[in-house]
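Novice: Sending over a structure as structure tokens; questions will come in a sec.
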Amino acid sequence: MKQVIEGNQAVAIGAKLCRPKVIASYPITPSTHIPELISEFVANGELDAEFINVESEHSAISACLGAQATGVRTFTATGSQGLALMHEILYVAAGMRLPIVISVANRSLSAPLNIWGDNCDTMAERDSGWLQFHSERNQDALDLVIQAYKIAENKEVLLPAMVTIDAYSLTHTYEIVDVPSQEEVDAFLPGYKPLHACLDPENPITQGACAMPEDYMEFKYAQQKAMQTAEKVVDDVFEEFENKFGRKYRKIEPYRTDDAEIILLTMGSMTGTAREAVDKLRERGTKVGLAKITVFRPFPKKELITVTKGANLLAVIDRNISLGLGGATFADVSSAYINAADRPLILNTILGLGGRDPTVENFCEIVDRSKEVMKTGKVERPVEWINVRKEDVT
Amino acid sequence: MKEEEVELLAPGHKMCSGCGVALSTRLCINAAGKNTIVAASTGCLEVTTSMYPQTAWRVPYIHGAFENAASVASGIEAALKKLGKKCNVLAIGGDGGTFDIGLQALSGMFERGHKVTFVCNDNEAYMNTGIQRCSATPYGAWTTTSPFGKYSIGESRPKKPIAMIAAAHCIPYVATATPAYFADYQKKVKKALSVDGPAFIHVLTPCPSGWRFPPEKMVEISRLAVQTGVFLPWEVENGEVENLRITVKPAKRKSVEEYLKVQGRFTHLFKPERRQDVIDKIQKMVDEKCKRFGVE
């Protein structure tokens, strides 16, 4: 059924349709509508679950960890400082192979305090062992939550997953979303059955043990293997979802890339704006295309290289900054090409930090700069910040 | 009965000989019984009982991190409700994981009313990292971060009254215990697990390595703590501190010196020169506390 809902509602409804048994949550702007809505679902009987109002995000993820380890599906929602506070336990959940699913409202990190959008928060967790799915639209948010559970719980994967929506541009923006029925979701995502880890007095096991140097690396290698296996599982689940629900997801989604000389690489809600810029530039005869990252972990190297085949320049656009280097996506993208025989020039643009909205003009500016670089074939400044008052910083 | 049905913490763990935490945990888990899930915080107990690929736990056991045993236990209890399973949930923390870094999660667990019993094994310093002071360290004690020196008498602050803080949450049951008085302790564990809501037991667990005494003296020192009034076993229901019951009353209180002089961590109070001022202050603190608790 089609509904006009905001991104937070899409996440909350998506989570509800997956029937989590324990939700532990702590309010944080701009994600707060999610626990508000889920607590309503529990209060009015739409969702049969325990809703724990914890005293911090650290406890939110810890309670999810305890509940998931006891054998039930769990959910929580956070963003920004809240995700940063969870940081320690994100690693623990991944190391214990508990397929917890959370949503993250991508918001900047302090200081200065700022409640608006960028994805520094999720980029800081890219090494934590969590699968990462990024939404461009509210529909993606709902669909990706459902698919994230299915991928995370696959017995060959067993990794936790985060699904992101950008602060305000999705969390508080109303869009038309096709909400599947409970029966459809039940058929796609059966109830959670813990196969590997469950706290049960009938069958006592120890979870969260210590491992000495002679064993620790094997645990990490197993996680890495699971990430590699997830590459295939993601494709399978996306395909099954498309067959059942008619909506197609891809790790990297191309747009007008076939004959493109320049490809913009985006993530999240800025993609819609970038797509508009591509159309505008195409009308003027510029051979420009767009590739959107939906799956950031496991990082879709192969798909990226395939999409950019034949392009002269890849313009990586980051709404985050790894200070002292450049954009986090840029670093990962560059590593994907390190041994590729045929690779495009790679430029990085930092924009839109702390909720400064990326505009069509910003993307046109990036394409203009890309053209200049292509003329010489030399990249003098790989990382450039745009739409920033450099003159104010002395 | 077979050994594994009686002893739910298996022998062969890596705790030091004479460890108070080892005895406390054994008494506690055996009183709780097989139908129990344990959530432990990082610390001595955790590293010594669950070193992969071995485990000493004959009940289901989980360790998440240092500060979150209470939150992990909250999640376990919530999941059990939804699964319709009835079993004890026991969270175990050291003093660091309870008094300091875990206090927020603990307070949250109390306030939300989870049916979880939290047992704090208190050996009065960060022993797992090598004897650093924490808010459970008593006044005058030496630790590696509260050293004795020209400008220091050792730990300069009194111990945080953790069990009273727990009682102030008005939860159904709060008690204190020591492994020396094991019958009293085990009775309290059973009572804690029987109440409909959160319970807290603060257990003083002497540490031969950190307190500097021979391993065979552990039970004796544990008993001396009570006999001198340094540590009082009591219980309180629903936060009604006016009805607090002392469960083991010292017949005639011994002087605190009896307790201090057998522990290396207080050696600096006796030599190279006797610090009567500090000993007197500790005695006064204990006397005042005993008076408040109605102990002669």
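Novice: What percentage of the solvent-accessible surface of the protein assembly as shown, computed with a 1.4 Å probe over protein heavy atoms, is contributed by carbon and sulfur atoms?
Specialist: On the way: 14640 of 27980 Å².
Carbon with sulfur: 52 percent of the solvent-accessible area.
Novice: Next question, about the same structure. If Lys and Arg each add +1 and Asp and Glu each add -1, what is the summed charge of the other residues whose beta carbon sits under 12 Å from the beta carbon of A:PHE75?
Specialist: Details: positive: A:LYS16, A:ARG19, A:LYS21, A:ARG73; negative: A:GLU50.
Net charge around A:PHE75: +3.
Novice: Before I look further, what does the stretch A:252-392 give for accessible area per residue, probe 1.4 Å, in whole square angstrom? Intermediate results must be reported in sequence, preceding the final value.
Specialist: Details: 6360 Å² over 141 residues.
Heavy-atom SASA per residue in the stretch A:252-392 reads 45 Å².
Novice: Compute the distance from the alpha-carbon center of the stretch A:202-263 to that of the stretch A:138-196, in whole Å.
Specialist: Measuring centre to centre over Cα atoms gives 14 Å.
Novice: Could you list which residues have their amide H under 5 Å from that of A:ASP357, counting only those 5 or more apart in sequence or on another chain, with H placed in the peptide plane?
Specialist: Amide H neighbours of A:ASP357, under 5 Å, 5+ apart: none.
Novice: Then there's this: Take the Cα radius of gyration of the stretch A:207-317 and divide it by 2.2 N^0.38 Å, with N its residue count; two decimals is plenty. Mind showing how you got there, number by number?
Specialist: Working: Rg = 18.4 Å, N = 111, 2.2 N^0.38 = 13.2 Å.
That ratio works out to 1.39.
Novice: Could you please report the charge total around A:ALA340, scoring K, R as +1 and D, E as -1 over all other residues with beta-carbon less than 11 angstrom from its beta-carbon? Can you show the working numbers first?
Specialist: Details: positive: A:LYS301, A:LYS302, A:LYS309, A:ARG343; negative: A:ASP342.
Surrounding charge for A:ALA340 is +3.
Novice: Related question: Once the other residues with Cβ under 10 Å from the Cβ of A:LEU195 are scored (Lys, Arg +1; Asp, Glu -1), what is the net sum? Please report the intermediate quantities before stating the final value.
Specialist: Working: positive: A:LYS155, A:LYS193; negative: A:GLU153.
Summing Lys and Arg as +1 and Asp and Glu as -1 gives +1.
Novice: Quick check on the stretch B:143-296: of the DSSP beta bridges with both residues there, what percent are antiparallel, nearest 5%? Write down the numbers at each step before the final one.
Specialist: Values: 8 of 13 bridges.
DSSP beta bridges in the stretch B:143-296 are roughly 60 percent antiparallel.
Novice: While we're looking at this one, here's another question. Round to a whole angstrom and tell me the spacing of the C-alpha centers of the stretch B:172-222 and the stretch A:317-394.
Specialist: Taking the Cα centre of the stretch A:317-394 as reference, the centre of the stretch B:172-222 is 61 Å away.
Novice: If you wrap a convex hull around the alpha carbons of the stretch A:2-245, what volume per residue comes out, as a whole number of Å³? Show your work: numbers first, answer last.
Specialist: Values: hull volume 30.2 nm³, N = 244.
Taking the convex hull of the Cα positions in the stretch A:2-245, it is 124 Å³ per residue.
Novice: Something else about it: Computed over the Cα atoms of the protein assembly as shown, what is the convex hull's projected area averaged over all directions, in nm²? Write down the numbers at each step before the final one.
Specialist: Values: hull surface 140.5 nm².
Seen from a random direction, the Cα hull of the protein assembly as shown projects 35.1 nm² on average.
Novice: Per DSSP H run of at least 4 residues, take -39500 (n - 2.57); add these up for chain A, divide by its residues and hand me the 222 nm value, nearest 500 deg cm²/dmol.
Specialist: When only DSSP H runs of four or more count, the value is -13000 deg cm²/dmol.
Novice: Would you mind working out the accessible area per residue for the stretch A:2-245, using a 1.4 Å probe, and quoting it in Å²? Walk me through the numbers on the way to the answer.
Specialist: Numbers: 8770 Å² over 244 residues.
Using a 1.4 Å probe on heavy atoms only, each residue of the stretch A:2-245 averages 36 Å².
Novice: Shifting gears a bit: How large is ³J(HN,Hα) for each residue in the stretch B:130-139, as worked out from phi by the Karplus curve 6.51 cos²θ - 1.76 cosθ + 1.60 (θ = phi - 60°), to whole Hz, x for Gly and Pro?
Specialist: x, 6, 9, 5, 9, 6, 9, 5, x, 3
Novice: State, in square angstrom and to the nearest 100, the accessible area buried between chains A and B, both chains counted, probe radius 1.4 Å.
Specialist: On the way: alone 17410 and 13510 Å², together 27980 Å².
Roughly 2900 Å² of accessible surface disappears when A and B pair.
Novice: Before rounding to the nearest 500, sum -39500 (n - 2.57) across all DSSP H runs of length at least 4 in chain B and divide by the residue total; then give [θ] at 222 nm in deg cm²/dmol.
Specialist: Working: 11 runs with 103 residues, N = 296.
Per the formula, -10000 deg cm²/dmol.
Novice: Could you list which residues have their amide H under 5 Å from that of A:ILE52, counting only those 5 or more apart in sequence or on another chain, with H placed in the peptide plane?
Specialist: A:ILE23, A:ALA24, A:SER25
Novice: Give the average, rounded to an integer, of partner chain Cβ atoms located within 10 angstrom of each Cβ in B:108-115. Mind dumping the intermediate values first?
Specialist: On the way: counts 10, 5, 0, 2, 6, 0, 2, 0.
Mean partner shielding for this stretch: 3.
Novice: Loop only by DSSP, 16 or fewer other Cβ within 10 Å of the Cβ. Give me the trypsin sites (Lys or Arg not before Pro) in the stretch B:262-296 that pass, ordered by residue number. Before the final figure, lay out each step's value.
Specialist: Details: sites: B:ARG265, B:ARG274, B:ARG275, B:LYS281, B:LYS284, B:LYS289, B:LYS291, B:ARG292; in loops: B:ARG274, B:ARG275.
Within the stretch B:262-296, the qualifying trypsin sites (Lys or Arg not before Pro) (loop, at most 16 other Cβ atoms within 10 Å) are B:ARG274.
Novice: Normalising by the residue count of chain B, find the relative contact order in percent from Cα pairs under 8 Å and 6+ residues apart.
Specialist: Numbers: 617 pairs, mean separation 48.1, N = 296.
Over chain B, the number comes to 16 percent.
Novice: Output needed for the stretch A:33-160: three equivalent-ellipsoid semi-axes, defined as square roots of 5 times the C-alpha gyration tensor eigenvalues, in descending order, whole Å.
Specialist: One finds semi-axes of 21, 18, 16 Å for the stretch A:33-160.
Novice: Go through the stretch A:46-63 residue by residue and turn each phi into a ³J(HN,Hα) via Karplus (6.51, -1.76, 1.60, θ = phi - 60°); whole Hz please, and just put x for glycine and proline.
Specialist: Running phi through 6.51 cos²θ - 1.76 cosθ + 1.60 with θ = phi - 60° gives 5, 10, 8, 8, 8, 10, 9, 7, 7, 9, 5, 5, 4, 6, 4, 6, 5, 5 Hz.
Novice: Still on this structure, I have one more. Just to check I understand the Karplus step: with θ = phi - 60° and J = 6.51 cos²θ - 1.76 cosθ + 1.60, what whole-Hz values come out for the stretch A:173-189, glycine and proline as x?
Specialist: My calculation for the stretch A:173-189 gives 10, 8, 9, 7, 10, 7, 9, x, 7, 4, 4, 5, 5, 4, 5, 7, 10 Hz in order.
Novice: For the charge dipole of the stretch A:252-392, defined by +1 on Lys and Arg C-beta atoms and -1 on Asp and Glu C-beta atoms about the Cα centroid, which residue among A:ILE263, A:VAL307, A:GLY355 has the Cα displaced farthest towards the positive pole?
Specialist: Checking the options against the dipole of the stretch A:252-392, the answer is A:VAL307.
Novice: Right, another one. Taking beta carbons within 10 Å but only from partner chains, what does the mean come to for residues A:55-61? Working shown, then result.
Specialist: Working: counts 11, 6, 0, 7, 12, 2, 5.
Rounded to a whole number, the mean comes out at 6.
Novice: Shifting gears a bit: Accessible area per residue, 1.4 Å probe, Å², for chain B: what's the number?
Specialist: Numbers: 12050 Å² over 296 residues.
On a per-residue basis, chain B sits at 41 Å².
Novice: What average number of partner chain Cβ atoms lie no more than 10 Å from the Cβ of the residues making up A:91-101?
Specialist: That average works out to 1.
Novice: Another question, if that's okay. Starting with the highest mean, order A:214-221, A:387-394, A:297-304, A:137-144 by the number of other Cβ atoms within 10 Å, averaged over the residues of each peptide.
Specialist: On the way: A:214-221: 11.5, A:387-394: 8.1, A:297-304: 19.8, A:137-144: 26.2.
The most tightly packed comes first, giving A:137-144, A:297-304, A:214-221, A:387-394.
Novice: In terms of modelled amide H atoms, which long-range or inter-chain residues lie less than 5 Å from the amide H of A:LEU345?
Specialist: Correct list: A:LEU313, A:LEU314.
Novice: Just to make sure I understand: if all protein chains stay in place, what is the order of A:THR32, B:THR49 by accessible area at 1.4 Å, largest first?
Specialist: So the residues, ranked largest to smallest area, are A:THR32, B:THR49.
Novice: Which Cα, out of A:VAL373, A:VAL177, A:ASN53, lies furthest along the positive dipole direction of the protein assembly as shown (beta carbon charges, K/R +1, D/E -1)?
Specialist: Of the options given, the answer is A:ASN53.
Novice: Hey, can you rank B:244-257, A:323-336, A:15-28 by average C-beta count inside 10 Å, highest first?
Specialist: On the way: B:244-257: 15.4, A:323-336: 17.4, A:15-28: 24.1.
For the peptides B:244-257, A:323-336, A:15-28, the packing ranking is A:15-28, A:323-336, B:244-257.
Novice: Counting DSSP beta bridges with both partners in the protein assembly as shown, what percentage is antiparallel, nearest 5? Can you show the working numbers first?
Specialist: On the way: 22 of 88 bridges.
Once the DSSP bridges in the protein assembly as shown are tallied, antiparallel ones form about 25 percent.
Novice: For chain B, what is the convex hull volume of the alpha-carbon atoms per residue, in Å³?
Specialist: On the way: hull volume 37.1 nm³, N = 296.
With only Cα atoms used, chain B gives 125 Å³ per residue.
The values are calculated or read from the model by the stated rules, or taken from the named source; none is laboratory data. All values derive from a computational prediction rather than experimental measurement. Because the Cβ atoms are built from the backbone with ideal geometry, glycine has one as well, and the counts that use them run over all protein chains shown. Heavy atoms of the whole protein, side chains included, go into the accessibility calculation; ligands, DNA and RNA do not. Shrake-Rupley method; radii C 1.70, N 1.55, O 1.52, S 1.80 Å.
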